[in-house]
Every structure is written in structure tokens, then in C-alpha cells.
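These notes concern the structure reproduced below.
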Amino acid sequence: MSHLAFKDPIWLLALLALPLIAWIRGRRSVPVLLVPFAAAWHRPSLAAPSRWPVALAFLGLTALIVALARPQRVEDKREVRSEGYDIMLAIDLSTSMRAEDFELKGERINRLQAIKPVIQAFIERRPTDRIGIVLFSGRAYTMAPLTFDHDWLARQLGRVRIGMIEDGTAIGDGLGVALTRLEQAKRDSGGKRLGAFVVLLTDGANNRGALQPQQAAELAKSRGVPVYTIGAGKEGYVPVPIYDDNNRKMGYRRMLSDVDEPALREIATMTGGKFFRVADTDTIESAFKAIDRAQKIEFQAKSYLITTELFWWLAAPGLLALALAALFARPLWRRELKPVLA
């Protein structure tokens, strides 16, 4: 954003004198020297006097006065000094996520359907952060590496389905892969990973994988990466749909919800994060909003001004106009030649 400013605006007051000079010149009966070459502009002549020298002189004086006021083009620049977070979302896709113990507008929905829109809203609220997604069940896979392309991330999240990965709950592996994706040499300081955290969402207890949840938590702690854990689902028995070979819902069976709350609390406490237990869509949304508030960077911008001097853009035409005024007032081709005595 740029604008025009004057360093010495007091000179602009001199512009007010020019109309007064023009008025005095119009009322005087004899030529007087008000500005350079003024006497020559009204020399008696058989031809009608030209107004060009007067016009050019006033134009030149106006340009010089404005130039002396030191006009400048001022540009306001802002430089963002803070960087956003790097966030990995580790999402459980085990078959227990099919449990329909959530409701939306009076209809039953499963746990994955409940968390998807909340995760999407969380991503949209953090446009300056790089976000990636790890999916885990019996194994852990990177669905999306860290990216600023949140529209692409939303499309990938929309394609997530339960059953994409072999069944099981490898919480330790899911967290381990997420931590691996956060390895960035330029954001490491003294062995600590700066500006990063993990959100781990699961509805079960670890029963697969090579890495135990406590081991993954120790790794996150050593790297200085907070882990926010979310245990999804109601306590007790929950309805789980049964599907036939054509993926048609045939009915429900009762399943005991087995969220390992102590393990998830321990992971959060060890790493400096926080544990959330969510049993409905409102508590899921509240959990993600709390994480959003806790890990938010207030961006600071350094402001500075760039000024460009415009003095010569006005002074040069002004001087040229005065020179032309002098030339037209006393043209060389009209000067009388003095006789030379032999």
C-alpha cells in the first residue's frame, strides 16, 4: 500500500503567493521585476505580446515550489516474522470405529462420521499451519504428509473409509509414524522439535504393532512434541452394525467399548498435551476447539516504510519551464544587432 507525502510541506504555502503575484502583475501600469525575466515579457512590440512566457514561468515556479516541499512516495510493508505449526493428525480406522453411538440431527452415525466434519473444521481454522494425516488400524500409514494445501487434504480426508487397513489397533505405531513425519532439520533446536504437535484419536486399546504406546510417548517427550489424545465413544456396550457380503446393513450387535483411557492420559501427560474423552458430537467439537486455542500462534508482523524521493521528477520540468520562459521572452532570433563601426 503506497501513498504520497511531503517532507517539508511548509513550502506549499508559497503556492498561495502565485495567484497574488499574477493579480498584481495584471494591475501594474509599468513593468516591474517580480520574477526573473518578467520585465522582458511586456516589452513594447507592434505584435500582440505572447502569453507563453508568463504561463511557462508560473508553471515552472509551481513545479519548483512543490519539489522543494520534497514529495515522497511512501510504501507500507509488512513482514511476517512468526511461522505456523506443523500438525500431524493420527486417526484410528479400526472396525470398532463403526460403532454408532453418536447422533446427528436425530440419526445414528458412527464414530468416523462424527469426527470427520470436526477434523475438517479444525483444519479450516488453521490456514497458516502445515497439517498431515496418519491412519492406523492393524498397521500405520501416512495418508497425507505435512502440507499447506488444505483443499487437497480435505479431499483426501473425504475418501477415508473404515476397512482400508487390516484390522487391529496399533496406537504406538500410529503415533510413531506421526512423529517420523514431523522430523524437520530446520525446525530442530538442541534435539527438540519446535512448533509441532500431534492429535491422536482412537476408540480402543493397543493390541497390534511393533511400538508400544508408552515407547512412542517417550519418543515424543524426548523430541519435545506435545501429544493431544482423544478417546472416542461412550462407555459400556454400544451398537455396532452388521453388514452382509454386499455391504448392506443387516442389523446390530452389542460391543463393549474398550477405550484405554489410562494409557491415553499417560501419553498426554508425559508429552505436555491433554486428554479428552468425547461421547457425542458436541464434546468432539469442544475438544478440537480447546486444542486449537491451546496451540495457536499469534502472528507478529514487522512494519517498515519505503520512501522514494520525487524531487527531481518536479524540479527538472520546473527548471526546463523557466528556461523556456526566458527563451520565449528574449528570443535570440529577435535580438537587434548593434551596428559595427568601420
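The values are calculated or read from the model by the stated rules, or taken from the named source; none is laboratory data. Note that the coordinates shown come from a computational prediction; the quantities given were computed from them, not determined experimentally. Positions of Cβ are backbone-derived with ideal geometry, glycine not excepted, and every protein chain shown enters the neighbour counts. Side chains are part of the model used for accessible areas, which takes the heavy atoms of the whole protein and leaves out ligands, DNA and RNA. Shrake-Rupley method; radii C 1.70, N 1.55, O 1.52, S 1.80 Å.
Roughly how many percent of the accessible protein surface of segment 149-249 is carbon and sulfur, given a 1.4 Å probe and a whole-percent answer?
46
What distance in nm separates the two pseudo spin-label positions at Ala205 and Glu75, each 7 Å out from Cα along the beta-carbon direction?
Computed distance between label sites Ala205 and Glu75 equals 6.4 nm.
Top to bottom by accessible area (1.4 Å), largest first, where do Lys105, Lys221 land?
Correct descending sequence by accessible area is Lys105, Lys221.
By average Cβ neighbour count within 10 Å, what is the ranking of 58-64, 86-92, 193-199 from highest down?
Descending packing order for the listed peptides: 86-92, 193-199, 58-64.
Any idea of the accessible area per residue across segment 166-213, 1.4 Å probe, to the nearest Å²?
41
Between Gln156 and His3, take the C-beta separation as r, use R0 = 56 Å, and let me know the FRET efficiency to the nearest 0.05.
Numbers: r = 45 Å, r/R0 = 0.80.
E(calc), rounded to 0.05, equals 0.80.
So for segment 233-327, Kirkwood radius off the Cα pairs, Stokes-Einstein at 4 °C and 1.567 mPa s: how many µm² s⁻¹?
For these conditions, the coefficient is 62 µm²/s.
So, taking all protein chains as they sit and a 1.4 Å probe, how much accessible area belongs to Glu235, in Å² rounded to tens?
140
Could you calculate the contour length gain from Ile306 to Ala17, that is, 0.36 nm times the residue separation minus the distance between their Cα atoms, to one decimal place in nm?
So the chain would gain 100.8 nm between Ile306 and Ala17.
Return the subset of Lys186/Lys274; Lys116/Lys296; Lys234/Lys289; Lys116/Lys192 for which the Cα-Cα distance in this structure is over 25 Å, preserving the input order.
Those over the limit are Lys186/Lys274; Lys116/Lys192.
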